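The values are calculated or read from the model by the stated rules, or taken from the named source; none is laboratory data. None of the values given here were measured: they were computed from a predicted structure. When we count neighbours, we look across all protein chains shown, and the Cβ atoms used for this are built from the backbone with ideal geometry, even at glycine. Ligands, DNA and RNA are stripped out before the accessible areas are found, and what is left, the full protein with its side chains, is counted by its heavy atoms. Shrake-Rupley method; radii C 1.70, N 1.55, O 1.52, S 1.80 Å.
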Amino acid sequence: MSSEHDDARDILELTWIAFLEEALSWESTVRGWRVSTTMRPDELRASVRARLDLTKANPLDHLFEEVRNVLRAGLTHVTHPRYFGLFNPSVRPAAVLADALASLYNAQLAVWAHGGGAIELERLALETLGERIGFGPGCHATFTTGGAEANASAVQCALATRFPKWTQSGVRDTPPARIYVSDQGHHSMLKAARMCGLGERSVWEVPTDSSLSMDAVALSRAIDSDLAGGVAPLMVVGTAGATGSGAVDPLPVLHELATAAGAWFHVDAAWGGAASLSRSLAHVLHGIERADSATWDAHKWLCVPSGAGMFFCRHPAAAATAFAITTGYMPGNSVEYEPYASTMQWTRRAIGLKVVLALGELGLDGYARLIDHQTNMAERLRVQLRARGWTIVNKTPLPVICFTNDLVRKGKPSAVSLANRIQARGHCWISPVLLKGESVLRACITSYQTRQEDLDLLISELEGCAVESA
Ligand SMILES: *Cc1c(COP(=O)(O)O)cnc(C)c1O
């Protein structure tokens, strides 16, 4: 019996060592891989089934290797320095360590009595970051699974504030309400509207101007026409760093219009929020400090593994009303703050521990350098693209570049087929994006490890694939 126990311990140790070796050499390892998978869905499914039989007991070291091999072969590697993709970052090693620690302790953050230590660590990180966007101590702040949960939390806080009966009778006893978001805003607002019983039609897509920012005059007109028609302006959403183009809405003007209409002002800075840490970029977020609530994802530009969103709300009473609950089976409300009764989740993992370790290791200045590095890489890429005859179609100091040229405009090749070809070759990953009906290419500096040589390779892929598909 004891030798069986010793064997299991040896295997566990060997497996941890294998993980440790992989984690410590990650940066150089991933650089040598393809960014995208070559496996078709059916091949991948068959390979998983051939490798793993979950009905029987498997030795952990073997299991670990099989699972890891599936991940290696079957993923788009978003931590690759040439993943110029959506906002999924290369992750800070300190954050990986923190995630393991969170699992080991399995801290339960529903109630303070169970999760106090983790809650206070998270609170320190939330206050440190929140202050950068004008949500200092005294505001409500929580880690969420991501931006979608944070945006939905904002809608619930707005409803609970604007329509006090909403928590009891839902939208039955409320007038028809409207959420205004730009046509470049994130579609999680639609899900939030459905989830709250408002329905998609309550979301008004406000047109954007030539720089893809919300047209404030159009917003003002939409609000006036709603007020005249008996529709209550519930919430104005300012997007700060649109997913497609990085566009930032004119936040101060939106704040004024929202306030005049009695609407909640929410800023969705899921990706862009990190600009607040950089001296040269912070101005982009001007006006976020006036918002009633804000969304900022740590699992985007703060380079920690998903899911780690953040929801900030200036009115703790709104969150307390929106999420209030009492039960006979939870330890009582003995302290000022019970997460299960002021946030959307119930049992909750210590999501924020990875932010505590990553932020603590780098400090605010270290993060500023990381963010500035990515911004500089993007500026270099813009210069290189222009020099090679590409046209940049978005205007933002944030590191996302949307571009096209005359041949792509004529579909020779189209942005979609050019991106597909580049993805299939596996050296780089970029995507097409539809901006105001035009399909263009989109490259985001998503990794803090992207270097000049990676930009050069992207340029040569773009040129090589353009010729090949012409
Ligand atoms: C990514 C994103 C979201 C959604 O966040 P998740 O973390 O994916 O849930 C919301 N808004 C914007 C602007 C985003 O870029």
What's the total number of residues in segment 191-210 that are within 16 Å of the ligand (Cβ to nearest atom), open to solvent by 70 Å² or more (accessible area, probe 1.4 Å) and not in a helix (DSSP H, G or I)?
1
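Condition first: farther than 30 Å from Asp6 by Cα, in a helix (DSSP H, G or I) and either in contact with a helix residue (DSSP H, G or I) (Cβ under 9 Å, 6 or more places away or on another chain) or of a type in the set (Gly, Ala, Ser) (or both). Can you find one or more residues in segment 52-64 that meet it? Give the steps one after another, and end with the answer.
Applying the first criterion (farther than 30 Å from Asp6 by Cα) to segment 52-64 yields none.
Checked against the condition, which is being farther than 30 Å from Asp6 by Cα, in a helix (DSSP H, G or I) and either in contact with a helix residue (DSSP H, G or I) (Cβ under 9 Å, 6 or more places away or on another chain) or of a type in the set (Gly, Ala, Ser) (or both), segment 52-64 yields no hits at all.
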Which pairs have Cβ atoms under 8 Å, sit 6 or more apart or on different chains, and link a residue in segment 315-340 that is modelled with pLDDT under 90 and small (Gly, Ala, Ser) to one that is surrounded by fewer than 18 Cβ atoms within 10 Å (Cβ to Cβ) and outside any loop (DSSP other than H, G, I, E, B)?
Ser334/Ala113
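If you go through segment 72-98, how many residues are more than 16 Å from the ligand (Cβ to nearest atom) and under 28 Å from Trp429 (Cα atoms)? Please lay out each step first, then the result.
Initially, segment 72-98 is screened for residues more than 16 Å from the ligand (Cβ to nearest atom), giving 72-75, 77, 79-82, 90, 92-94, 96-98.
Applying the additional criterion that residues be under 28 Å from Trp429 (Cα atoms) yields 72-75, 77, 79-82, 90, 92-94, 96-97.
Count: 15.
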Among Ala57, Ala107, Ala100, Ala50, which is the only one that is touching a His at 6+ places or on another chain (Cβ under 9 Å) and more than 23 Å from Glu461 (Cα to Cα)?
Ala107
State which residue is farthest from the chain's Cα centre (by Cα) when the search covers only segment 271-316 and only residues that are closer than 23 Å to His373 by Cα, within 16 Å of the ligand (Cβ to nearest atom) and of a type in the set (S, T, N, Q).
Ser276
Inspect segment 125-135 for any residue being open to solvent by 70 Å² or more (accessible area, probe 1.4 Å), in contact with a Gly (Cβ under 9 Å, 6 or more places away or on another chain) and of a type in the set (A, V, I, L, M, F, W, C) and give the result as yes or no.
no
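With the requirement that a residue be assigned to a helix (DSSP H, G or I) and open to solvent by 10 Å² or more (accessible area, probe 1.4 Å), what does segment 278-306 give you?
Going residue by residue through segment 278-306, those that are assigned to a helix (DSSP H, G or I) are 282-285, 288-290.
Hits for segment 278-306 are Ala282, His283, Val284, Glu289, Arg290.
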Which ones in segment 232-261 are part of a strand (DSSP E or B) and more than 29 Å from Leu441 (Cα to Cα)?
Ala232, Pro233, Leu234, Met235, Val236
In segment 232-270, which residue that is open to solvent by 30 Å² or more (accessible area, probe 1.4 Å) and among the hydroxyl-bearing types (Ser, Thr, Tyr) is nearest to the ligand (Cβ to nearest atom)?
Thr243
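Go through segment 211-228 and count every residue that is within 16 Å of the ligand (Cβ to nearest atom) and of a type in the set (A, V, I, L, M, F, W, C).
Just the residues of segment 211-228 that are within 16 Å of the ligand (Cβ to nearest atom), to begin with: 212-214.
Applying the additional criterion that residues be of a type in the set (A, V, I, L, M, F, W, C) yields 212, 214.
Count: 2.
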When segment 211-231 is examined, which residues are found to be surrounded by 14 or more Cβ atoms within 10 Å (Cβ to Cβ) and in a loop (DSSP other than H, G, I, E, B)?
Leu212, Ser213, Asp215, Val231
What are the residues in segment 364-409 that are touching a residue at least 12 places away in the same chain (Cβ under 8 Å) and either on the phi > 0 side of the Ramachandran plot or assigned to a strand (DSSP E or B) (or both), if any?
Gly389, Thr391, Val400, Ile401, Cys402, Phe403, Thr404
Look through segment 335-384, keep the residues that are under 22 Å from Glu122 (Cβ atoms) and of a type in the set (Lys, Arg), and return whichever of them is most open to solvent (accessible area, probe 1.4 Å).
Arg349
Selection status of Thr29, free of Cβ contacts under 8 Å to residues at least 24 places away in the same chain, under 26 Å from Pro399 (Cβ atoms) and over 23 Å from the mean Cα position of the chain (by Cα)
yes
